[in-house]
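Worksheet: one structure, shown below.
The values are calculated or read from the model by the stated rules, or taken from the named source; none is laboratory data. This is a predicted model, so every value here is computed, not measured. For neighbour counting, all protein chains shown are included, and Cβ atoms are generated from backbone atoms with ideal geometry for every residue, glycine included. Note: areas computed on protein heavy atoms with side chains; ligands, DNA, RNA excluded. Shrake-Rupley method; radii C 1.70, N 1.55, O 1.52, S 1.80 Å.
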Amino acid sequence: MTAVATGRPRRGLAWRALRAVLDRWLVFALAAGLWEWGARAAHDTFFPPPSKILQQMHHMWFTAGADRLFLNKEATGNILPSLARMAVAFALSALLGAVLGMLLGRSERVYAYVDPVFQFVRAIPPPALVPLFMVLMHIGSTMQVTSIVFSAVWPVLINTADGARTVDPLQVESARVFRLSPLARLRRLIIPSALPKIFAGLRLSLSLSLILMVFSELLPGTRDGLGFELSNAQAESDLPTVWAIVVLLGILGYILNAVLTAVERRALAWHLAARRIEI
């Protein structure tokens, strides 16, 4: 009886795990299968099948040994520099956006003054400022990171300011009655209340950082990065390489978003639990 009783829960857990995988990946697997079948049937040079794209990705980046995490010189010379630039830009965007958003969000008057300026500046497309960045900093990693930060900072800043402005006034007054210092109010009340909005801004900023990372590496004078590889492949009409880079960017975007989502769930576990109780 014990063996049967312990066997059923294990089979139930395995079935739930399998069903979770199917729910998440079934549509993707069907779409990839249709793409494979359609590309092989059409024999179109411009749309290679996924199997050929994966072979190209393996040949380009993942032919090294396990001691190097399968990353060959091409990968370490282009993928890692791109990720490094993106990581630095995203970190700066998150820090600047969160700090400035908190400062501005807690002052209605200051926010009213600067909001029109913010809305004007954030509407400027990053490509329009490339000549200005090139004059001020010349082409290089500094200019690339700056161009990413310029656009990626706004979602974090505006969402943080909005979250700081919407803190319950009754809770703020209660904190003052209990004589909490401004720093304690910020740490225990304002930041936790604004965290859902902050993470919403971080998700947008992460997507923008990935997009702008590629754009910054398409500029003349760039010597490495995925955007650099993409530009060379387009110039040489190397379509398998173009598709390999596009698919890799999609994979990187998915992984980075999954990591940020996991961090968000961990940081906002109390918030999600409170919402379930309300529902």
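Inside region 127-138, residues that are closer than 21 Å to L208 by Cβ and either of a type in the set (G, A, S) or in a loop (DSSP other than H, G, I, E, B) (or both) make up a count of 1. Residues in region 38-72 that are assigned to a helix (DSSP H, G or I) and touching a Pro at 6+ places or on another chain (Cβ under 8 Å): A39, R40, K52, I53, Q56. Annotation: L204 fulfils all but one of (1) at pLDDT 90 or above; (2) closer than 19 Å to S93 by Cβ; (3) open to solvent by less than 60 Å² (accessible area, probe 1.4 Å); the unmet one is (3). Summed over region 186-201, residues that are over 25 Å from L256 (Cβ atoms) and either crowded, with 21+ Cβ neighbours inside 10 Å or not charged (D, E, K, R) (or both) total 4. Just give me the residues in region 216-230 being closer than 16 Å to A75 by Cα and either assigned to a helix (DSSP H, G or I) or among the aromatic types (F, W, Y) (or both), in sequence order. Within region 216-230, L226, G227, F228, E229, L230 qualify. Entry remark, region 42-77: residues being touching a residue at least 24 places away in the same chain (Cβ under 8 Å), touching a Leu at 6+ places or on another chain (Cβ under 8 Å) and farther than 11 Å from I245 by Cα number 3 in total.
Residues that are among the aromatic types (F, W, Y) and in contact with a Pro (Cβ under 9 Å, 6 or more places away or on another chain) within region 150-202 comprise just one, F150.
Conditions (1) surrounded by 10 or more Cβ atoms within 10 Å (Cβ to Cβ); (2) among the aliphatic types (A, V, I, L, M); (3) within 26 Å of the chain's Cα centre (by Cα); (4) modelled with pLDDT under 85, marked per residue:
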position	(1), (2), (3), (4)
A5	no, yes, no, yes
G12	yes, no, no, yes
A17	yes, yes, no, yes
D23	no, no, yes, yes
L26	yes, yes, yes, yes
L54	yes, yes, yes, no
H58	yes, no, yes, no
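Looking at L83, L104, just one residue is in contact (Cβ under 8 Å) with a residue 40 or more places away in the chain and either open to solvent by less than 30 Å² (accessible area, probe 1.4 Å) or touching a strand residue (DSSP E or B) at 6+ places or on another chain (Cβ under 9 Å) (or both), and that residue is L104. If you go through region 108-119 and pick out every residue that is among the acidic types (D, E) and open to solvent by 70 Å² or more (accessible area, probe 1.4 Å), you end up with 1.
Residues in region 229-261 that are under 25 Å from A91 (Cα atoms) and either among the basic types (K, R) or open to solvent by 60 Å² or more (accessible area, probe 1.4 Å) (or both): V246, I251, Y254, I255, N257, V259. Those residues that are under 22 Å from A123 (Cβ atoms) and modelled with pLDDT under 90, I need them from region 164-201; list them, please. If the condition is that a residue be under 22 Å from A123 (Cβ atoms) and modelled with pLDDT under 90, then R165 is the only one that fits. Look at (1) among the acidic types (D, E); (2) touching an Asp or Glu at 6+ places or on another chain (Cβ under 9 Å); (3) more than 18 Å from H58 (Cβ to Cβ) and you find that E236 fails only one, number (2).
I want to confirm something. Restricting to region 120-146 and keeping residues that are closer than 18 Å to G201 by Cα and in contact with a helix residue (DSSP H, G or I) (Cβ under 9 Å, 6 or more places away or on another chain), which single residue is most open to solvent (accessible area, probe 1.4 Å)? Per the stated criteria, the residue is R122. Those residues that are open to solvent by 30 Å² or more (accessible area, probe 1.4 Å) and closer than 23 Å to L226 by Cα, I need them from region 86-101; list them, please. A87, V88, F90, A91, L92 - these are the residues of region 86-101 that are open to solvent by 30 Å² or more (accessible area, probe 1.4 Å) and closer than 23 Å to L226 by Cα.
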